[in-house]
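The values are calculated or read from the model by the stated rules, or taken from the named source; none is laboratory data. Remember, predicted model here, so these are calculated numbers, not experimental data. Cβ placement follows ideal geometry from the backbone for every residue including glycine, while neighbour counts extend to all protein chains displayed.
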Amino acid sequence: MLRKFELRAPLALTIPSIFLFIGASAQDNSPYSRYGLGNQAPTTNVANRGMGGVAAAYNDPYTVNYANPASYSFFQSLQEPNSKKLNSGRIVFNIGADGQGRTISDQSETNKFTSPNLLFSHVMIGLPVRKNWGIAFGVRPITNINYKIQSNGNLYNPNSGALIDTASTLYEGQGGAYLGSLGTAVKFKTGKSQYLSLGATAGYMFGSRDYNSRLSLGDPNSTATQYARAHYENKTNIGDFYFDAGLQYHFKASEKIYMSLGAFGNWKQDIRTNNSTVVQTFNYSTETGYIPIDTVTFTKDNPGSFIYPSSITGGFIIQKIGGGQEREAGWLIGADFTSNNWNQYRVNGIPDPEVKSNWQAKVGAEFHPAPKNNLFSRTSYRIGAFTGPDYIYTRQTKIPVLGITAGLGLPILNYSQMSRQASMINLSFEYIKRGNSSNILRENLYRLSVGFSLTDLWFGGKTKYYED
C-alpha cells in the first residue's frame, strides 16, 4: 500500500507524551487470568485491531506488522542508480497503549464488578536494510495476569465432614509474559507483479506469574478460638528463547486490484522457568499491611519449564490502491483463520485441564476516500469482527468469544516544507464479549487503543517513493 502524506509531528515532543500516557495504570481484575498463561494480549498492532485483527497478508510501509515477520521486506526503500546500494529507506517507529474497562458478571447478572486499566501495548522499530530486505525489533506483551477474588463460607474436615469454622480465602495473582524480538524478511520476485516474502523472528520470552492465597478462619474480632492465618505463595519466573516465521505472496489480480496471501505461526517450544514457594503464617492490619510471622516451608529457584503450544494463522487480502494521478478512493478487505494447539501445553510435564486447543476467525476492511485537501479524505476508516472459543476451558465448559472492532488512521499535520516525515495516529475500539449463560462468569471488555506510527527517510537520500 502506497500513500503520501504532507503531514508531520516532531518526534521529540511526541515520544515523551507517549511514555507519560503508558506510565499510568489502574488495577485490572479478571478471574480467568488465573488459568493457563493468563489473558492473552492483543497479537496485532493498533491498525490491524481496527480490522478485526486481520494481519496474515497485511503490509504497509508506515506500520510494523509484527504478527507476520514476512511483512518486514515491504518497508519503503530506494536504490542508487546502477547500484545495489540503498539510497534511502523509510524507518518506522510504532508505539501504542491500551485503555480498557472490564465488567465481570455472574450467571444471573445480579452481581457485577467493573475495573479500568491502562496497559502498554507495544514498541517496534522497522527499517529496510537493502531493497527487498527489512528488519524490525521491539517488545510487546504476550499475556497478562491480574485477579483478586475473595471466597467466604464454611470450612469442613475433608475426612469426617465435620464443620471446623467459617473461613475466608483471598486469591490474588499478578504478572504476565513479554516478548523482546528481532525479525527479518526477504522478498523475491517470482513473476510480473508477483512477489514472495519469507520472514522469521527470534526473540526472548520473559516475565513472571505470582499467585497468592491467604486463608483466615473464624471471626478475627471474636473472643472465641483464634486461628493463625495462612499464606501460600507460588511464584514462577519465565525466561527463554522463542521463534516464529511467516510468508506472504502478493500478485496483481487485475489492472487496479491486488491480492495477497499470508501465513505465520510458531512451533511447539519448551520455555524454561524457575519456581519459588512460601508457606507461612501472617498478621494483617490496615496500617502495616501483611506481616509474616512464621515460615513453614520455603523453596527457591527450582528449575522447570512449560511447553508453549504451536499455532498457525492463514489469511488473504484483496486491495485496491487509491490516490495516484487519478486521485481515486482505495479499499481492502481480508480474513484470517487461526488454530492454536493448546492441548500441547504442559507445566513441568503435567497437562493443564483448564486449557484446550482453540480457533479464531477474523474478518476486516479498510477504506481510503479519494484524497482531497481535508482531514476526512486523508483518514483511513476500518471495521472488523472476530469469533472463536477461548483457550481457557474452566470446569470442562467452553467459553465463547465474540469481538466487534472499528478504527481510524489519522494523519499528523506537517507544518514543515520538508516532506520526508509521514506519521499517523491509529485508533481502534474493540468490544469483546467473553462467556455466556453456560459459564460461571461473563466478561465484557471495552478496549480503546492508541498507536503512533512515526516515520522518516534515512541514509540522506532525496525524497522519493519506491514500490515494486
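Cβ-Cβ under 8 Å, sequence separation 6+ or interchain: first residue in the stretch 284-304 and surrounded by fewer than 11 Cβ atoms within 10 Å (Cβ to Cβ), partner among the polar types (S, T, N, Q) and modelled with pLDDT under 85. Which pairs?
Matching pairs, first to second residue: I291/S285.
Between residues in the stretch 136-150 that are on the phi > 0 side of the Ramachandran plot and surrounded by 20 or more Cβ atoms within 10 Å (Cβ to Cβ) and residues that are part of a strand (DSSP E or B) and aliphatic (A, V, I, L, M), which pairs lie under 7 Å by C-beta distance while being six or more apart or on different chains?
Sorted first by the residue in the stretch 136-150, then by its partner, the pairs are G138/V123; G138/M124; G138/I125.
Inspect the stretch 93-116 for any residue being within 30 Å of Q319 (Cβ to Cβ), charged (D, E, K, R), free of Cβ contacts under 8 Å to residues at least 60 places away in the same chain and assigned to a strand (DSSP E or B) and give the result as yes or no.
The answer is no, given that none of the residues of the stretch 93-116 is within 30 Å of Q319 (Cβ to Cβ), charged (D, E, K, R), free of Cβ contacts under 8 Å to residues at least 60 places away in the same chain and assigned to a strand (DSSP E or B).
Out of F206, F241, I need the residue that is under 20 Å from G138 (Cβ atoms) and exposed (fewer than 14 other Cβ atoms within 10 Å of the Cβ). Which one?
Exactly one residue qualifies, and that residue is F241.
Filter the stretch 348-396 for residues that are outside any strand (DSSP E or B), among the aromatic types (F, W, Y) and modelled with pLDDT of 90 or more and give the result.
Within the stretch 348-396, Y391, Y393 meet the criteria.
Would you check which residues across the stretch 231-259 are assigned to a strand (DSSP E or B) and either under 19 Å from the mean Cα position of the chain (by Cα) or among the acidic types (D, E) (or both) and list them?
Residues satisfying the conditions are E233, I238, G239, D240, F241, Y242, F243, D244, A245, G246.
Checking A245 against (1) within 26 Å of S71 (Cα to Cα); (2) in contact with a strand residue (DSSP E or B) (Cβ under 8 Å, 6 or more places away or on another chain); (3) without any contact (Cβ under 8 Å) to a residue 24 or more places away in the chain, which single condition isn't satisfied?
Result: A245 fails condition (3) only.
Take G138 and tell me if it is at pLDDT 90 or above and under 30 Å from F251 (Cβ atoms).
Yes; evaluated as a whole, the condition is true for this residue.
Can you pull out the residues in the stretch 173-208 that are at pLDDT 95 or above and of a type in the set (D, E, K, R)?
K187
Kindly establish whether F206 is touching a Leu at 6+ places or on another chain (Cβ under 7 Å) and without any contact (Cβ under 8 Å) to a residue 60 or more places away in the chain.
No, not satisfied.
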